[in-house]
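Everything below concerns the one structure shown next.
Each reported figure results from applying straightforward, stated rules to the coordinates on display, with no laboratory input. Since the structure is predicted, the reported quantities are computational estimates derived from the model, not experimental observations. FYI the Cβ positions are ideal-geometry reconstructions off the backbone, even for glycines, and counts take in every protein chain you see.
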Amino acid sequence: MELIPAIDLRDGRCVRLLKGDFAHETISLSGVFLQAGAREAELSGARLADLTRARPTTRRTFTRADRVTAFVESYQGQSHEALPGYVTTEIFNDTDQRVYQQEVRVVPEASDRRTASLAVELPIDELAPGQYLLTMQMRQGNASARRDVRFQVQ
């Protein structure tokens with residue numbers, strides 16, 4: 001078994017959450033959830049909470065014929081008013097060249113829930129075979145949270 005530690009970063013620094021109390025964090029992100037299947041599969045408008053019907057994958061090697069959707073959910077702490085933010089999705093190739101970028105404004109679903117879900121279909125069919133890094137970063141004012149996932153296209 002291979003164990004890969006997770007590191008939480010805030011403002012470019014390694015941080016330790018206060019006993020996992022996300023209420024004290026300005027913003028945080030769930031892990032990235034990937035769904036892969038035939039290109040005709042459809043999950044548009046899905047929320048992370050609705051994905052029990054979807055089939056998550058631990059696969060990180062895809063063919064150009066696969067349809068891959070990345071899901072992430074943002075969470076806002078209780079110390080301030082719930083505000084919209086921006087999620088930037090980027091894909092970098094093995095030479096650290098950005099080959100895809102998308103920025104989307106996300107708005108909390110309700111002020112009392114303080115969450116927002118985002119689904120991004122990845123342009124797997126447009127990528128050359130090789131290794132890639134998917135980065136999803138939420139920004140809200142000066143606060144940010146980021147999650148990365150490595151994958152391969154055959």
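Numbers for the structure displayed
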read-out	value
Region 127-141 versus region 68-124: alpha-carbon centroid distance in Å	11
Which of 133, 118 has the fewest Cβ neighbours within 10 Å, and the rest in rising order	133, 118
Rg to Rh quotient for region 64-154, alpha carbon positions, Kirkwood Rh	1.04
